[in-house]
1. Filtering the stretch 122-146 down to residues that are out of contact with any helix residue (DSSP H, G or I) (no Cβ under 7 Å at 6 or more places or on another chain) and part of a loop (DSSP other than H, G, I, E, B), which residue is nearest to residue 110 (Cα to Cα)?
2. I'd like the full set of residues that are in contact with an Asp or Glu (Cβ under 6 Å, 6 or more places away or on another chain) and assigned to a loop (DSSP other than H, G, I, E, B), limited to the stretch 27-65.
3. From the list 83, 148, 115, which one is at pLDDT 95 or above, more than 14 Å from residue 58 (Cα to Cα) and buried (at least 17 other Cβ atoms within 10 Å of the Cβ)?
4. It is to be established whether one or more residues within the stretch 45-63 are modelled with pLDDT of 95 or more and under 26 Å from residue 158 (Cβ atoms).
5. Select from the stretch 102-121 the residues that are in contact with a helix residue (DSSP H, G or I) (Cβ under 9 Å, 6 or more places away or on another chain) and either assigned to a helix (DSSP H, G or I) or of a type outside the set (S, T, N, Q) (or both) and list them in ascending order.
6. Can you spot a residue in the stretch 72-79 that is over 21 Å from residue 175 (Cβ atoms), assigned to a strand (DSSP E or B) and either open to solvent by less than 20 Å² (accessible area, probe 1.4 Å) or touching a strand residue (DSSP E or B) at 6+ places or on another chain (Cβ under 9 Å) (or both)?
7. Which ones in the stretch 151-178 are loosely packed, with under 12 Cβ neighbours inside 10 Å and either in contact (Cβ under 8 Å) with a residue 40 or more places away in the chain or assigned to a loop (DSSP other than H, G, I, E, B) (or both)?
8. What number of residues in the stretch 126-136 are closer than 15 Å to residue 18 by Cα and crowded, with 18+ Cβ neighbours inside 10 Å?
Amino acid sequence: MRGVPPPLLPPMATNLELKARVESPAAAQACAGRLGASFQGVLHQRDTYFCVNKGRLKLRECTGSPAELIWYEREEDSQERWSRYDRVEVSDPAPLLHALAGACGTLAVVEKARSLYLYGRARIHLDEVAGLGSFLEFEIVEEEPAASLDVMRVLRDAFGVRDQDVVRVSYSDLIQTKMSGKSS
């Protein structure tokens with residue numbers, strides 16, 4: 001309609017995140033307990049990534065929860081990365097998966113068991129990723145950048161995350177690298 005402004009889209013959510021390899025998942029679980037993080041359970045997730053021109057698009061299916069279509073973009077040049085994202089709940093993922101695979105192509109499928117802990121505004125993930133191994137992720141929902149960076153420092157120190165353990169790419173990148181026969 002002429003003269004009617006388009007609806008305003010809500011601002012994208014933002015978080016600060018870090019991913020690292022973990023040698024001892026049991027030690028990481030104990031650390032989360034000592035920190036006082038609240039265990040939320042183990043989530044069995046299947047993320048199907050699609051080929052897109054900008055950012056990343058994945059359909060996340062999680063046992064016992066509605067599926068989500070998640071689009072995100074982030075810079076991959078630092079250890080601690082700011083990510084902007086949108087999430088849409090999907091009640092029936094099968095037809096959407098079929099349509100997106102046909103229209104965009106499938107980039108990678110990542111299956112994982114994720115132990116989820118909450119620490120204030122931070123999500124702590126202890127991930128067992130099929131074919132890749134054990135990882136630790138921190139996601140801090142951004143309210144104020146300086147506060148998010150402070151929480152990240154607390155988590156890095158508490159879990160003893162070393163620079164050489166940090167992974168600067170998505171699980172989908174690691175899966176693709178493994179499938180192509182290159183070392184990660």
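1. 130
2. Restricting attention to the stretch 27-65, the residues satisfying the condition of being in contact with an Asp or Glu (Cβ under 6 Å, 6 or more places away or on another chain) are 46, 55, 58, 60.
Within the stretch 27-65, 55 is the sole residue that qualifies.
3. Details: 83 fails: at pLDDT 95 or above; 148 fails: at pLDDT 95 or above.
Every option except 115 fails the conditions.
4. Yes, the stretch 45-63 has at least one match.
5. Answer for the stretch 102-121, where residues must be in contact with a helix residue (DSSP H, G or I) (Cβ under 9 Å, 6 or more places away or on another chain) and either assigned to a helix (DSSP H, G or I) or of a type outside the set (S, T, N, Q) (or both): 107, 108, 109, 110, 112, 117, 119, 120, 121.
6. Within the stretch 72-79, not a single residue is over 21 Å from residue 175 (Cβ atoms), assigned to a strand (DSSP E or B) and either open to solvent by less than 20 Å² (accessible area, probe 1.4 Å) or touching a strand residue (DSSP E or B) at 6+ places or on another chain (Cβ under 9 Å) (or both).
7. 160, 162, 163
8. Here is the first cut: in the stretch 126-136, the ones closer than 15 Å to residue 18 by Cα are 126-127, 134-136.
Filter again for crowded, with 18+ Cβ neighbours inside 10 Å, leaving 126-127, 135-136.
So the answer is 4.
The values are calculated or read from the model by the stated rules, or taken from the named source; none is laboratory data. Note that the structure is a prediction, hence the values are computed from the model and not measured. Positions of Cβ are generated from backbone atoms using ideal geometry, with glycine treated the same way; all protein chains shown enter the neighbour counts. SASA here: full protein model, heavy atoms, side chains in, ligands and nucleic acids out. Shrake-Rupley method; radii C 1.70, N 1.55, O 1.52, S 1.80 Å.
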